[in-house]
Amino acid sequence: MGLTESDKIDVIAALITLVGIVMTGFFLCVQIILLRKQVNLLGEQILKAGESNTITAAALQVGIIINFDEQFYGKRMRECRINVSQFLLENRKLVVESSTITQWDTVSDLLDFFQGLATFTKMESLSTELVYKNYYYWFSFYYPACSDYIKYYQNKAPIYAKDAEWLFVELTKIDAAINNECYSHHDDSDFTEFFEWEIDNMRSYGHLGS
């Protein structure tokens, strides 16, 4: 029994539909492959961008810490550190009050330096670990010795040296975690030895320019 014209049309229509399904599936597979390639390429670009951002962030940290080092060991700050150390060597137990505040203001420039360092650290432009390694030894003496002076001004302006206060807490945590709090508990003799050493050291330290 032969196919009628109607049957032939149905068969042709079915074949066309089948070919359409096969072609649609083929093009869909191609699109999926291309999409996967695009996703992989985008992932590689994101990874490279992340690596580039990490390198950039590290370079920025290096630039910032070098700038602070140049300040800390520069002539102006060396002289400031000598003056502060001489004052604290003789007067660190001097009560901070209105009658003595002019004398205590000797420490303000050095505290401003640590406040600036703390602000960059709190903004995550510098890592606390990097700042700990570079500055905590000095900070662990200067900050406690000046804590009453800081409180005096915070009574009038609560925001005064707040970042420095925050930094001291964070660095003390690191000292406890990796250094058995070695720099966190100084006695009177430690302070005296440090300030004497700082004076002698800053007077002879001159290789970082004027």
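The values are calculated or read from the model by the stated rules, or taken from the named source; none is laboratory data. No experiment lies behind these values; they were computed from the predicted model shown. Heads up, the Cβs are rebuilt from the backbone with ideal geometry, glycines too, and the neighbour counts pull from every protein chain shown. All accessible areas refer to the heavy atoms of the entire protein, side chains included, with ligands and DNA or RNA removed. Shrake-Rupley method; radii C 1.70, N 1.55, O 1.52, S 1.80 Å.
LEU117: surrounded by 17 or more Cβ atoms within 10 Å (Cβ to Cβ) and assigned to a loop (DSSP other than H, G, I, E, B), yes or no?
no
A quick yes/no check of all residues on (1) surrounded by fewer than 17 Cβ atoms within 10 Å (Cβ to Cβ); (2) out of contact with any His (no Cβ under 8 Å at 6 or more places or on another chain); (3) assigned to a loop (DSSP other than H, G, I, E, B); (4) free of Cβ contacts under 8 Å to residues at least 12 places away in the same chain:
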| site | (1), (2), (3), (4) |
| --- | --- |
| ASP148 | yes, yes, no, no |
| TYR153 | no, yes, no, yes |
| ILE159 | yes, yes, yes, yes |
| VAL169 | yes, yes, no, yes |
| SER189 | yes, yes, no, yes |
| TRP197 | yes, yes, no, yes |
| MET202 | no, yes, no, no |
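From the set of residues in region 173-185 that are more than 16 Å from the chain's Cα centre (by Cα) and not in a loop (DSSP other than H, G, I, E, B), which is surrounded by the fewest Cβ atoms within 10 Å (Cβ to Cβ)?
Checking each candidate, the answer is ALA177.
Restricting to region 145-178, give me the number of residues that are aromatic (Phe, Trp, Tyr) and under 21 Å from GLU129 (Cβ atoms).
Looking only at that region, the number is 2.
Does SER127 satisfy the criteria of being in contact (Cβ under 8 Å) with a residue 12 or more places away in the chain, surrounded by fewer than 17 Cβ atoms within 10 Å (Cβ to Cβ) and small (Gly, Ala, Ser)?
yes
So in region 98-107, with the set limited to residues that are in a helix (DSSP H, G or I) and without any contact (Cβ under 8 Å) to a residue 12 or more places away in the chain, which one is nearest to GLU165 (Cα to Cα)?
Among residues in region 98-107 that are in a helix (DSSP H, G or I) and without any contact (Cβ under 8 Å) to a residue 12 or more places away in the chain, the one nearest to GLU165 (Cα to Cα) is ASP105.
Regarding region 75-84, can at least one residue be identified that is farther than 26 Å from ASP188 by Cβ, of a type outside the set (Phe, Trp, Tyr) and open to solvent by 40 Å² or more (accessible area, probe 1.4 Å)?
Yes, region 75-84 contains a residue that is farther than 26 Å from ASP188 by Cβ, of a type outside the set (Phe, Trp, Tyr) and open to solvent by 40 Å² or more (accessible area, probe 1.4 Å).
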